[in-house]
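The values are calculated or read from the model by the stated rules, or taken from the named source; none is laboratory data. Since the model is a prediction, treat every value here as computed from it, not as a measurement. Note that each Cβ is placed from the backbone with ideal geometry, even for glycine, and that neighbours are counted across all protein chains shown. These area figures cover heavy atoms from the full protein model, side chains too; ligands, DNA and RNA do not enter into them. Shrake-Rupley method; radii C 1.70, N 1.55, O 1.52, S 1.80 Å.
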Amino acid sequence: FCRSDLKAVASSLVPRKHAQSQPMAPFVQTFVDIVRNARVQEGERSTLERSTTVTSTASTASTASPGPLASPCPSDFSTPSSVTWTSSTASECMLPTEDLVRPHRGFPAARRPSVQGLAAWPLLVLAVVACGGWCMHELLPTAPKWSLRQHPGTRRRHVVDGRDVWVYLPSKARAGTPLSAVMVLHGSLDTAMGIINASAMEHVAEADSNFIAVFPEMAQYKGMSWGYGNASEVKFFRDVSNLLTRQYYVGRDQVFAVGHSSGGSMALFLQNHLPDVFRGVASVEAGLPANQVWTGNGRPTMVVWNHNDPVLAEYGGEQLYNDTLSMLRRRDPTGAGPSSVEPLSTSGGVVNAELLTWPARGSNPSTSVVSWKSSAPTHSWLNPTNIKGTTLDASKMVWQFFKNILVTPS
């Protein structure tokens, strides 16, 4: 077979949503029919008896078994009863067959495979070997969307206190060179994989090469909120920080946190309650955690706030915005407003945006606010992928804020 013939075979053996049909020579069409016969088994269900393995980009991962709520699968494919973990050098998610492969429509649901059909499989294997390993991707159905957003760096899975923690190491990070770490906390009913895609923080880490992006899971998979002051939650963040400083040459004074929605509220909590762990934090579409009493001085903080966010509106809207700023500036002896207001781009789905900056005053650390408004109501992380037509990127602005902190004496 030539490459185009193999692609045609692959296209005919997977559902139309995973591959487009390619023209085939007559003898290839005959071969495909034989393979289809061999793949259809007798029974009430018409699914094929095999599983497709989707492997994450992690090249080195912990071999410890994850907790019962841990899952590497993207939310679209999360099916707890069908997820199986394997212990190896890479984390794998065994997806149910019916999610990725189905028999061709119109083909009989049950037919016994013939001897001729069974003999076709060795021919297929020989064809793949003959054309080289690069052909293999042509024979497999397209992987889920999340696994295609890969970079030259390495995504590794760790298990800390029974919870998954994904770490992205940029390809240009040099051994022995001190790095910063940015923990990215997902929101309610979301996952680490979900915020990896929504924030695109891995893109920023790869482009900058001076920090690693870290994505922990909530204690409860797809839970509603983080644990705030729970002893187990405080221990978890300290343990993650220790992992980063021990295995990734991260300075103890170079750990930051940013979160979306309830993850953003958790980040605001951390800057006040764990100032010895986090050098600075940022919140994206999140406000002051409810029923929290802050007594410390806190750490430098950035807030990214959409004034047309329906979720924030449910929790107080502009009142929550003002309360959050008041709490963050509570130690400012002057009580003055921002020292600078910088207009930002308003292209695409952003109708207005500005950057407000308060310097450190007295014992009050610095504060920055990206105050923006979308043309349509949205709770999304601000970036060109989520807000069409905009050039603003919350991940880039947050990292720039953290970099400025690094060059400022603590």
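Laid out as a table, the results:
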{"quantity": "Dipole of segment 286-410, positive end: most advanced residue of 306, 386, 407 [Cβ charges, Cα centre]", "calculated": "407"}
{"quantity": "Unsatisfied cross-links (Cα-Cα over 22 Å) in the set 373/396; 222/403; 172/222", "calculated": "222/403; 172/222"}
{"quantity": "Radius 15 Å from Cβ of residue 186, net charge of other residues (Lys, Arg +1; Asp, Glu -1)", "calculated": "-4"}
{"quantity": "Neighbourhood net charge (12 Å Cβ-Cβ; Lys/Arg +1, Asp/Glu -1) for residue 276", "calculated": "+3"}
{"quantity": "At R0 = 41 Å, FRET efficiency that the Cβ-Cβ distance of residue 318 and residue 172 yields, to 0.05", "calculated": "0.45"}
{"quantity": "Where a label projected 7 Å from the Cα of residue 334 along Cα→Cβ would reach, residues of segment 354-389 with amide N under 15 Å", "calculated": "357-368"}
{"quantity": "Estimated distance in nm for a label pair at residue 252 and residue 342, the labels positioned 7 Å out from Cα along Cα-to-Cβ", "calculated": "3.3 nm"}
{"quantity": "Separation in nanometres of the label points that stand 7 Å from Cα toward Cβ, at residue 400 and residue 351", "calculated": "2.5 nm"}
{"quantity": "Extension gain (nm, one decimal) between residue 292 and residue 224, 0.36 nm per residue minus Cα-Cα", "calculated": "22.8 nm"}
{"quantity": "Cα Rg, Dmax, segment 270-331, angstrom units", "calculated": "11.8, 35"}
{"quantity": "Cα gyration tensor shape for segment 348-410, rounded if a/c is under 1.5, else prolate or oblate", "calculated": "prolate"}
{"quantity": "Net charge, residue 360 excluded, C-beta distance under 13 Å - Lys, Arg +1, Asp, Glu -1", "calculated": "+3"}
{"quantity": "Point-charge dipole on Cβ atoms (K/R +1, D/E -1) for segment 196-260, about Cα centre, debye to 20", "calculated": "260 debye"}
{"quantity": "Extension gain, residue 307 back to residue 234 (0.36 nm per residue minus Cα-Cα distance, nm)", "calculated": "23.1 nm"}
{"quantity": "Prolate/oblate/rounded call for segment 147-279, Cα gyration tensor, a/c under 1.5 rounded", "calculated": "oblate"}
{"quantity": "Heavy-atom SASA rank of 201, 397 (probe 1.4 Å, accessible area, largest first)", "calculated": "397, 201"}
{"quantity": "Placed amide H near residue 282: partners under 5 Å, 5+ positions off or other chain", "calculated": "257, 258, 259, 302"}
